[in-house]
Amino acid sequence: MAKKRNEEYDSGDEYQEEPNFDDPEGFVDDINDEDLLGDLLKQKPCETDGVECVVVVDNIPKVGPTRQEKLKTVIFKLFSTFGDIVSSFYPLDEEQNTKGYAFLEYKSPEKAEEAVKALNNHRLDKNHTFAVNLFIDFQKYENIPEKWEPPTPQPYKVQNDLYNFLIEPDAYDQYCIAAETSPNSVQVQFWQNSLPEPTELETRKSFTDTFVKWSPLGTYIVTFHKQGVVIWGGSNYQKINKFPHPGTQFVDFSPCENYVVTYAPTPAGQKIIIWDIRTGQEKRSFVSDGQTSMSMFRWSHDDKYVARMGENAIFVYETPKFFLHELKSISIPGIRSFSWSPTDNVIAYWVGGQTEVPARVTIMDIPKKKDIRNKNLFNVADCKIHWQKSGDYLCVKVDRFSKSKKDKKDADVKFLGTFYNFEIFHMREKDIPVDSVEIKELILAFSWEPVNNKFAIVHGEPNNANVSFYEVKKGQKPALVKKLEKKACTHLFWSPRGQFIVLGNLTMGTFEFIDTNNDFIVMSSADHFRASDVEWDPTGRYVVTCVSSWKIKEDTGYNLYTFQGRILKRNLLKNFVQYLWRPRPASLLNDAQQKDIKKNLKKYYAQFENKDRMRLTRASKELLEKRSQLREQFMEYRNKRIAEWQDQKSRRLQLRNHVDTDSLETDDVEEEIVEFLIKEEITVLE
């Protein structure tokens with residue numbers, strides 16, 4: 001055994017043996033390596049390191065060596081959208097063909113999980129649908145216990161009720177008012193349109209930097225900030241989710257409120273991001289070329305598809321994966337504009353004309369990508385697509401050139417002016433027949449009635465225009481039902497319930513309230529100088545005209561009217577920005593149930609009349625309770641004083657020589673007026 005120098009002893013033995021560290025006989029070691037070296041053992045590499053980042057893609061095409069590179073490129077393009085792929089492996093059989101599955105490794109487990117959620121059951125083509133799983137799931141599925149044990153019940157967590165505004169007993173609508181308190185700081189007040197006076201629900205200072213916007217069904221309200229946008233909802237307008245997109249200037253909700261699209265300018269162009277509202281996950285992002293107009297993405301009515309227009313093509317994306325439908329765009333050379341039907345998965349688009357080739361309006365079915373109706377148009381300058389809210393009719397406004405030739409020898413066509421056609425497509429009829437309405441004058445506005453089958457056109461000069469109302473019926477051409485002449489009208493604002501319309505001139509600030517069911521009578525006229533916006537409430541009972549500080553800086557505020565045009569309130573607000581009614585979702589009652597309620601409305605007339613009478617006399621429930629409380633206090637005070645008066649009767653008898661004056665009748669008392677001089681003053685007039 002080795003020896004070492006011993007410094008403590010000066011004896012002749014300079015070295016001694018080292019101590020023996022061997023375990024004695026019979027010693028039992030009860031300490032394992034994990035207790036001694038747990039930290040180091042955790043760092044020890046193992047064979048399964050990194051497998052949580054690996055996904056297995058099954059049901060891929062089985063191809064030979066010549067087509068393998070193309071297959072790998074397609075799969076790499078699909079899966080790389082969720083993160084960087086570190087490595088990939090495609091097993092081959094004896095003939096060097098792919099075996100129908102592949103392994104892909106991401107940098108992080110989170111990216112692998114996203115790829116599995118998005119691409120599992122993804123249809124590559126008509127014969128191949130992916131089955132995508134995490135590699136670690138195979139071991140989990142192999143070790144399933146034979147005996148099932150029920151999961152442990154979790155404590156119930158109360159979630160924010162996003163629809164509490166719909167259960168208000170009197171069905172009062174809500175609205176918000178935004179006013180700028182300082183640069184990039186806007187205060188928002190939330191009100192309930194109760195009667196006789198509105199009720200303030202909440203005030204949020206510095207709620208947004210610019211403005212606010214309600215979602216289509218009124219569930220959420222979005223605010224804008226430097227870092228992005230925030231969505232709020234629930235009884236106290238709590239934060240639901242935030243979406244980091246600096247510089248966002250505009251947002252667009254999907255019709256069913258599943259997704260929100262944010263738009264923000266960048267040096268390279270407009271950046272657009274599609275988000276999942278509930279999870280806050282970024283679903284897809286785009287960068288457009290140049291400054292693309294807002295709301296370039298357009299949604300189908302059921303949130304199943306979202307589409308955008310590109311050069312000579314329409315790109316239709318399927319949700320929730322947001323990949324191109326059938327992995328390719330719809331080629332449409334010369335496309336100029338398109339629009340979804342509000343009730344069906346149908347797209348209407350128009351294509352500009354070329355030399356000896358007319359323009360064309362086409363209605364296409366999605367997802368079949370099949371044209372179901374075409375209409376050729378000649379001498380077209382421009383088109384505008386207008387869907388009726390119920391999807392029963394489509395109107396295409398066509399600006400046409402009127403042409404002529406000087407003589408037979410002159411082959412050049414000369415355009416002398418423009419005229420306008422309104423092509424009406426009957427969507428619910430066989431073969432979709434088309435009718436045409438022609439107007440020679442300048443078109444200022446067009447609008448469908450939200451309910452029923454009327455539409456209105458403003459044509460002529462802005463300060464001396466004509467307003468024509470047409471009605472469309474099944475199997476019949478549009479019929480002119482009324483023409484209002486010499487109206488100072490530039491805009492049309494239909495009630496959301498139909499029948500009533502406001503003819504507005506936003507330049508002069510004049511408005512007329514029309515009842516289209518009673519011989520188009522003008523119920524009332526109103527003036528609101530420099531009014532820039534008109535807002536109907538969801539019930540069609542109230543109208544608001546607004547003067548926003550975005551337009552002018554003086555006399556900003558809003559006026560509130562009934563649907564008949566009777567002024568209810570004038571409110572001037574400094575730095576007023578917005579007045580927005582909170583939207584409501586569609587009724588859960590079908591058409592038959594709604595018609596039945598209207599038919600039997602007399603049953604509820606007395607109840608509603610009583611409520612209206614109470615509101616007109618300002619006798620609301622709160623006021624009645626206050627009056628009742630005051631009456632109780634008065635009666636309590638009166639009874640107390642009567643008791644004191646009765647207790648003092650004996651004292652009154654003593655003071656009045658035992659004469660009971662309480663029972664004396666005062667009907668025979670004579671009244672005498674006595675006048676006497678109090679003071680006399682003399683004033684000298686010069």
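For segment 429-523, I need the span (max minus min coordinate) of the C-alpha atoms along each principal axis, in Å, sorted largest to smallest.
Reported extents, whole Å, longest axis first: 46, 30, 19.
Put one equal scatterer on each alpha carbon of segment 254-343, apply the Debye formula with no solvent term, and list log10 I(q)/I(0) at q = 0.15, 0.19, 0.25 1/Å to two decimals.
-0.58, -0.94, -1.47
Hey, with R₀ at 22 Å, roughly what FRET efficiency would Asn121 and Glu149 work out to, going by the Cβ-Cβ distance, to 0.05?
Efficiency, from the Cβ-Cβ distance: 0.15.
Straight-line reach from Lys72: which lysines have a Cα under 22 Å away, not including same-chain ones fewer than 8 places off?
Once the sequence-local lysines are set aside, what remains near Lys72 is Lys62, Lys99, Lys107, Lys111, Lys117, Lys126, Lys321, Lys328.
Size of the dipole of segment 51-139 about the Cα centre, Lys and Arg at +1 and Asp and Glu at -1 on the beta carbon, nothing else charged, in debye to 20?
400 debye
Could you look at segment 525-597 and say what percent of its accessible area is carbon and sulfur, using a 1.4 Å probe and all protein chains?
It is 52 percent, rounded to a whole number.
At 222 nm, what value in deg cm²/dmol follows for the chain if DSSP H runs of at least 4 each add -39500 (n - 2.57) and the sum is divided by all its residues, to the nearest 500?
-4500 deg cm²/dmol
Can you spot the aspartates and glutamates whose alpha carbon is less than 16 Å from Lys486's alpha carbon? Ignore those fewer than 8 places along the same chain.
List returned: Glu441, Glu461, Glu512.
Calculate the FRET efficiency for Leu480 and Glu356 from the Cβ-Cβ distance with a Förster distance of 30 Å, rounded to the nearest 0.05.
For R0 = 30 Å, the calculated efficiency reads 0.30.
Test of understanding: what is the full-extension gain from Ser587 to Met523, defined as 0.36 nm times their sequence separation minus their Cα-Cα distance?
Stretched out fully, the Ser587 to Met523 stretch lengthens by 20.2 nm.
Express in whole angstrom the spacing between the alpha-carbon centres of segment 320-384 and segment 231-300.
Comparing the Cα centres of segment 320-384 and segment 231-300, I get a distance of 25 Å.
Can you give the extra length, in nm with one decimal, that the chain gains between Asn639 and Lys107 once fully stretched, where that is 0.36 nm per residue apart less the Cα-Cα distance?
Taking Asn639 through Lys107 to full extension adds about 183.0 nm, to one decimal.
Which far-off residues, 5 or more places away or on another chain, put their amide H under 5 Å from the one on Thr208, with H placed in the peptide plane?
Val186
Between Thr507 and Gln629, take the C-beta separation as r, use R0 = 56 Å, and let me know the FRET efficiency to the nearest 0.05.
According to the calculation, E is roughly 0.60.
If each residue of separation counts as 0.36 nm, what is the full-extension length gain between Asp382 and Glu681 once their alpha-carbon separation is subtracted?
98.6 nm
Within 15 Å, Cβ to Cβ, of Leu492, how many net charges do the neighbouring residues add up to if Lys/Arg are +1 and Asp/Glu are -1?
Charge balance near Leu492 sits at +2.
Can you give the Kirkwood hydrodynamic radius of segment 537-595 from its Cα pairs, in Å with one decimal?
The answer is 13.5 Å.
Note down the net charge around Phe513, summing +1 for each Lys or Arg and -1 for each Asp or Glu among other residues with Cβ under 13 Å from its Cβ.
That sum, taken over residues with Cβ under 13 Å, equals 0.
Rank-order 206-213, 23-30, 560-567 by packing density, defined as the average count of other C-beta atoms within 10 Å over each peptide's residues, highest first.
Descending mean neighbour count gives 206-213, 560-567, 23-30.
Under a point spin-label approximation (7 Å from Cα along Cα-to-Cβ), what is the Tyr163-Thr279 distance to one decimal in nm?
Calculated label separation equals 2.3 nm.
Taking the Cβ of Phe135 as the center, what net charge do the other residues with Cβ under 11 Å away carry, scoring Lys and Arg +1 and Asp and Glu -1?
Around Phe135, the charge tally is -2.
Averaged per residue, what accessible area in Å² does segment 441-586 show with a 1.4 Å probe, protein chains only?
46 Å²
First obtain the Kirkwood hydrodynamic radius of segment 51-139 from its Cα pairs, then insert it into the Stokes-Einstein equation at 4 °C and 1.567 mPa s, and state the resulting D in µm² per second as a whole number.
Diffusion coefficient, whole number: 99 µm²/s.
Over the Cα atoms of the chain, how large are the radius of gyration and the largest Cα-Cα distance (Dmax), in Å?
Answer for the chain, Rg first and Dmax second: 39.8, 151 Å.
For segment 441-586, take the alpha-carbon Rg, divide it by the Kirkwood Rh, and send me Rg/Rh.
Result: Rg/Rh = 0.98.
For segment 51-139, which whole-number percentage of the solvent-accessible area (1.4 Å probe, protein heavy atoms only) is attributable to carbon and sulfur atoms?
Using a 1.4 Å probe with all protein chains present, segment 51-139 comes out at 49 percent carbon and sulfur.
The values are calculated or read from the model by the stated rules, or taken from the named source; none is laboratory data. In this text, all values refer to a predicted model and were calculated from it rather than measured experimentally. Backbone-built Cβ (ideal geometry, glycine too); neighbour counts: all protein chains shown. To get the accessible areas, we keep the full protein, side chains included, count just its heavy atoms, and leave off ligands, DNA and RNA. Shrake-Rupley method; radii C 1.70, N 1.55, O 1.52, S 1.80 Å.
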